[in-house]
Amino acid sequence: MSFRVLFVSLVATAFCGLPAFCQSNKPASAKQPPKHDVAASSRKEHKEDLAAVARGHEQFKSTCGFCHGDDATGNRAPDLVRSPVVSRDEKGDRIEPVIRNGRPDKGMPAFTTLKQNQIDDIVAFLHHQVYEAIHSSHVPGDYPLAKLLTGSASAGKAYFNGPGACSGCHSVTGDLAGIATKYSPIDLQQHMVYPSREEQRTAIVTLANGQKFEGKVVHNDEFRIGIVARDGWHHSWPKDQVKIEIHDPLAAHRELMEKYTDADIHNLFAYLETLK
């Protein structure tokens, strides 16, 4: 069985706001991390607009259900619950362009008449379906280390300092010092593979007259960029009229998801477990 299939069945969350292991400020004083239930704690922290999910479900059934199934698990068209587009989506930045423009090469029409709030509701529904699918398995927080520790720590260290380029952003004597004492084994592996989605992308938008706006990205599709600037105001511009510089603190992690082999993940985890 592929590690990714096994890991998704074990890990209790991929889309909730757990802090990335490299950003944690948790104290490392305790020798043994407290035992807790990953699924229960992540469900408690997860927040969503259930009204939007319900509206999105109805909209999805009438617009997309014939091909993708009423529950988005696939029919004539692919299963969206396991779609890379949906799993990497941030507030509709990947889903919305597909809905609006379609995929003519794959037989998917464009839905140009849908209003923004309808698309937002569909996005909420799809994220809800993914979250529910991931949480369908119940895993205790004290899952035995022996069952997870199957890789080579030395190979993981080589990957950390070499092909993985982890050392370019992280330091074993800095942000990762004592990381294995801060988290239970399953939590550590979870943070490694699924860093927080709460790490907000920022952008600097430069207008034609040279004026610059900087803030958190709240909308980004093929045509428009939207940010909440430092003054708290929302701004949006057509992309072809401005210069945009986007900073994504988790870009490297997302890129690694397409490059990781099962062995890389096992080895890297084994190395991180030595950082006590």
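Hey, any hits in segment 108-118 for a residue that's touching a His at 6+ places or on another chain (Cβ under 8 Å), in a loop (DSSP other than H, G, I, E, B) and basic (Lys, Arg)? No, the conditions are met nowhere in segment 108-118.
Here's the yes/no breakdown for (1) more than 24 Å from residue 92 (Cβ to Cβ); (2) modelled with pLDDT under 90:
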residue: 180; (1), (2): yes, no
residue: 194; (1), (2): no, yes
residue: 225; (1), (2): no, no
residue: 233; (1), (2): no, no
residue: 236; (1), (2): no, no
residue: 243; (1), (2): no, no
residue: 251; (1), (2): no, yes
residue: 259; (1), (2): yes, yes
residue: 262; (1), (2): yes, yes
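For segment 64-73, residues that are within 15 Å of residue 103 (Cβ to Cβ) and assigned to a loop (DSSP other than H, G, I, E, B) total 1.
Summed over segment 227-267, residues that are under 24 Å from residue 157 (Cβ atoms) and polar (S, T, N, Q) total 2.
The values are calculated or read from the model by the stated rules, or taken from the named source; none is laboratory data. Being a predicted model, the structure only gives us computed values, none of them experimental. Heads up, the Cβs are rebuilt from the backbone with ideal geometry, glycines too, and the neighbour counts pull from every protein chain shown.
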